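Structure first, then comments.
The values are calculated or read from the model by the stated rules, or taken from the named source; none is laboratory data. Predicted model only: the values in this text are computed from it and were never measured. With ideal geometry, Cβ positions are generated from the backbone for all residues, glycine too; neighbour counts draw on all protein chains shown. Areas reflect the complete protein model, heavy atoms only, side chains present, ligands, DNA and RNA absent. Shrake-Rupley method; radii C 1.70, N 1.55, O 1.52, S 1.80 Å.
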There are 2 protein chains.
Amino acid sequence: MDTELKTRTADSGQETPADCEQIVHSLARAGRKAQRVLALMSDAEKADALRAAAAAIRKAAPEILAANTKDLEAGKANGLAPAMLDRLMLDEDRLDAIAAAIENVASLPDPVGQEIDRSTAPSGLELVRRRIPIGLIGIIYESRPNVTADAAALCLRSGNAALLRGGSEAVNSNRALHAAFTEGVASKGVPAEAIQLMPTQDRAAVGAMLKAAGLVDMIVPRGGKSLVERVQNDARVPVLAHLDGICHTYIHSAADPEMAKKLALNAKMRRTGICGAMETLLLDANFPASQEVVAELLDAGCELRGDSRARSLDSRIGVASDEDWDTEYLDAVLSVAVVDGLDAALEHIASHSSGHTEAIVTADEAAAARFLAEADSAIVMHNASSQFADGGEFGLGAEIGIATGRLHARGPVALEGLTTYKWQVHGTGQARP
Amino acid sequence: MDTELKTRTADSGQETPADCEQIVHSLARAGRKAQRVLALMSDAEKADALRAAAAAIRKAAPEILAANTKDLEAGKANGLAPAMLDRLMLDEDRLDAIAAAIENVASLPDPVGQEIDRSTAPSGLELVRRRIPIGLIGIIYESRPNVTADAAALCLRSGNAALLRGGSEAVNSNRALHAAFTEGVASKGVPAEAIQLMPTQDRAAVGAMLKAAGLVDMIVPRGGKSLVERVQNDARVPVLAHLDGICHTYIHSAADPEMAKKLALNAKMRRTGICGAMETLLLDANFPASQEVVAELLDAGCELRGDSRARSLDSRIGVASDEDWDTEYLDAVLSVAVVDGLDAALEHIASHSSGHTEAIVTADEAAAARFLAEADSAIVMHNASSQFADGGEFGLGAEIGIATGRLHARGPVALEGLTTYKWQVHGTGQARP
């Protein structure tokens, strides 16, 4: 994932850092102004604008695909890895999926204006907490051009302005997608500055976004660990993100053996590269079918690295180093430990978890309840595969990312997570005694 | 308010910054460990522990008052201003109020474990979002020793550990209060490290707290603007605070004249030094009783600084400079502007508000609805005095502060605002397709 940052550095040089700061501040001010207009648009108006954006993207397919071809050619010339080129590539089907995703966001309920709760104060004041947009959201992402449209749609639907900064290798694709999106929403009265694409690829512009406290309300980094790490270290603005998905699955002594096999296999092997994939399997010393669970994983082509008790289950299991317990493999590799009961499992998780998703498999409701209460991650699951950690699977309709911070939104973040609230106070002339 | 920071600088010098960092990290690790125990304590256990803390403080009154006398003598020797000495001073009554405030927090409902919402995902997974503590909260405050007990009680009640860093001039009072508090809660099984008081007054320890991302989950600064500003500028940890309370009251053309007079007077003059006090009065050009409203304020001893149209209302009104519209006086001084209708009022507020509290006085429900929707502050009020912006007045029972950030808690923050949530997922063996 370092390629992105290297590309950025190589690409810079035209603007000075002071120029970049000026560009970012001027974009942010225009975005904030546009956001005030957007905040007052109705549910139906915003949905309409998104449908127009999807139609504009479908209509501009030839231009967008031509721009993408330019990016792909430049990428090949610059020696981009095949996996990176695949992420960058658009075709008719992928472009259609991008437009359909925007239409899906248009069909979701608008969280803005929702009442969170209502109470009456001792003075007779009536208090309502109501959802409002966060404001201007900065999105910093890597080579996938679909993020341009996804993030723009989610921000607009929730009444937020967005300042998008995509990867240099997708610059032409992003510009073409952004132009079509803007044309579509502007035809329905959304100010063009509501969704802006950073005009410069200079790396200093990213630094200026991260430091723009008071002008940018939140940053969402979308990409690999090195990008997220840089953003979290440098930002003076709140960041919504997760760094690692070191997800644990604990097979309790009272787990159903068939369910344990099925869920362990699915949690690791369905897709190994997503953040909800299991990275450590904790087998209870009193679970009778541990050998079958590890055999199922090994037979499916997964490399296992275990502690000494895990290795005694199957000779194909390699040795886990200290580092393995803190590693997000994102590959067909798994660390395995045998633990003595629920407390030991919770202790292991407390020491090594990244706060993303932990699962327990058990038929014992009391053990499940303790696990769900005590495992201190954004998502905790009982008898389910950790691969379900996803906004779409949670019924949110979409997601801007998964958050492991302890303030504000956590877990899959979609429209509601892109809003905050204010207190509305209804009085009848109360002066405070 | 600069006195606090100056005192800190003068007081430092024993520890090196590296020592301070080590002290803070070691306290934070101990606090996090204690928090895991606290997070599992029941509502009744935490309430019991707080009642024991209140009893211990009442019992230790002679020691606490003796410690406070030492602080007062040192403060006088160091030339502390009378207002600072008054904030620092404890007597039997104030100590009793501190103990009673702890008992009040004990009587409030425990937000930890509360279900926020529940849904069923397409896969059949049952999803529950449930409140959990934030973790370890750092509190940085100035000369009022009651904050030691207040903040400790709110954090403990919401399952959070606290690391307290009080002002140097209250060091003996804080130590005595903290010792009694800890003795009380420890007698009921709360780990002594759940609520820790920073053992050094070195200023570098504050810097180390602000930088301890991953060890401290949130910082709450309690004190004047210079303290809050420093914390917001230097923190690498989320900060819950407000910098200014530039609160506006807009008297709409359809306001009841009697209500307008009563609310304007109360919003400004009830107590001029609190953050919810009105700092700018916006009079609609079509409101017929503006002269009476300003006369009421002038007669009550308030200095008025107005734009040219406001000055034509009463010869006693001085000239407002550009700076006045962005000033939090915290005194019997008020800026006054005459505006042409609701849009102009909202425009003025958008340009000059600090995001704290805005109020409209009007009998026109449609105008009120627009104001409550469009004024973009943490608290917006209709027909009420902005002095009601307070956790106690909102029925929250207490408050740790008022927040104007756009993420997480906003407005008066009490127990619920000291919690976040996790997703609890209940499955029946679902593997993700």
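Numerical summary
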quantity	calculated
Residue under evaluation A:H426, criteria (1) closer than 30 Å to B:F388 by Cβ; (2) out of contact with any strand residue (DSSP E or B) (no Cβ under 6 Å at 6 or more places or on another chain), criterion not met	(2)
Selection count, region B:396-407, where residues are charged (D, E, K, R) and within 9 Å of chain A (Cβ to nearest Cβ)	1
Residues located in region A:350-367, provided they are touching a strand residue (DSSP E or B) at 6+ places or on another chain (Cβ under 9 Å) and not in a helix (DSSP H, G or I)	A:S353, A:S354, A:H356, A:T357, A:E358, A:A359, A:I360, A:V361, A:T362, A:A363
Matching residues, region A:143-156, being assigned to a loop (DSSP other than H, G, I, E, B) and either buried (at least 24 other Cβ atoms within 10 Å of the Cβ) or modelled with pLDDT of 95 or more (or both)	A:S143, A:P145
Members of region B:238-257 that are surrounded by fewer than 24 Cβ atoms within 10 Å (Cβ to Cβ) and among the polar types (S, T, N, Q)	B:S253
Only one of A:A260, A:A267 that is within 10 Å of chain B (Cβ to nearest Cβ), among the aliphatic types (A, V, I, L, M), within 19 Å of the chain's Cα centre (by Cα) and open to solvent by less than 20 Å² (accessible area, probe 1.4 Å)	A:A267
Residue check for A:E347: farther than 24 Å from B:K422 by Cα, in a helix (DSSP H, G or I) and open to solvent by 50 Å² or more (accessible area, probe 1.4 Å)	no
Matching residues, region A:336-361, being within 11 Å of chain B (Cβ to nearest Cβ) and more than 19 Å from the chain's Cα centre (by Cα)	A:L346, A:E347, A:A350, A:A359, A:I360, A:V361
Subset of region A:265-301 [closer than 14 Å to A:I246 by Cβ, part of a helix (DSSP H, G or I) and charged (D, E, K, R)]	A:K268
Some residue of region A:365-381 being hydrophobic (A, V, I, L, M, F, W, C), more than 10 Å from chain B (Cβ to nearest Cβ) and under 30 Å from B:M381 (Cβ atoms)	no
Residues of region B:408-433 that turn out to be facing chain A (nearest Cβ under 7 Å) and touching a residue at least 60 places away in the same chain (Cβ under 8 Å), as a count	12
Unique match (being hydrophobic (A, V, I, L, M, F, W, C), away from chain B (no Cβ under 14 Å), open to solvent by less than 60 Å² (accessible area, probe 1.4 Å) and more than 24 Å from A:G159 (Cα to Cα)) among A:I64, A:I140, A:I57, A:I98	A:I64
Count - residues of region B:222-237 that are open to solvent by 10 Å² or more (accessible area, probe 1.4 Å), touching a residue at least 24 places away in the same chain (Cβ under 8 Å) and either touching a Phe, Trp or Tyr at 6+ places or on another chain (Cβ under 8 Å) or not in a loop (DSSP other than H, G, I, E, B) (or both)	6
Top-ranked residue of region A:114-136 - restricted to ones that are in a loop (DSSP other than H, G, I, E, B) and more than 8 Å from every other protein chain (Cβ to nearest Cβ), ranked as modelled with the lowest pLDDT	A:G124
Residue under evaluation B:D390, criteria (1) modelled with pLDDT of 85 or more; (2) assigned to a loop (DSSP other than H, G, I, E, B); (3) out of contact with any Asp or Glu (no Cβ under 7 Å at 6 or more places or on another chain), criterion not met	(3)
Residue in region B:162-198 that is surrounded by the fewest Cβ atoms within 10 Å (Cβ to Cβ), counting only those that are closer than 14 Å to B:D48 by Cα and hydrophobic (A, V, I, L, M, F, W, C)	B:A186
Among (1) among the small types (G, A, S); (2) under 13 Å from the mean Cα position of the chain (by Cα); (3) surrounded by fewer than 22 Cβ atoms within 10 Å (Cβ to Cβ); (4) at the interface with chain B (Cβ under 10 Å from one of its Cβ atoms), the one test that A:A389 misses	(3)
Residues within region A:314-328 that are out of contact with any Leu (no Cβ under 8 Å at 6 or more places or on another chain) and either surrounded by 15 or more Cβ atoms within 10 Å (Cβ to Cβ) or outside any helix (DSSP H, G or I) (or both), tallied	9
Residues of region A:275-312 classified as open to solvent by 30 Å² or more (accessible area, probe 1.4 Å) and in contact (Cβ under 8 Å) with a residue 24 or more places away in the chain, total	12
Flag if A:G159 is crowded, with 24+ Cβ neighbours inside 10 Å, in contact with a Phe, Trp or Tyr (Cβ under 6 Å, 6 or more places away or on another chain) and in the same structural domain as A:V228 (by TED's automatic domain parsing)	no
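A quick yes/no check of all residues on (1) modelled with pLDDT of 90 or more; (2) within 14 Å of the chain's Cα centre (by Cα); (3) crowded, with 22+ Cβ neighbours inside 10 Å; (4) in a loop (DSSP other than H, G, I, E, B):
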| residue | (1), (2), (3), (4) |
| --- | --- |
| A:A369 | yes, no, no, no |
| A:L372 | yes, no, no, no |
| A:D376 | yes, no, no, yes |
| A:M381 | yes, no, yes, no |
| A:L396 | no, yes, no, yes |
| A:R406 | no, no, yes, yes |
| A:Q424 | no, no, yes, no |
| A:R432 | no, no, no, yes |
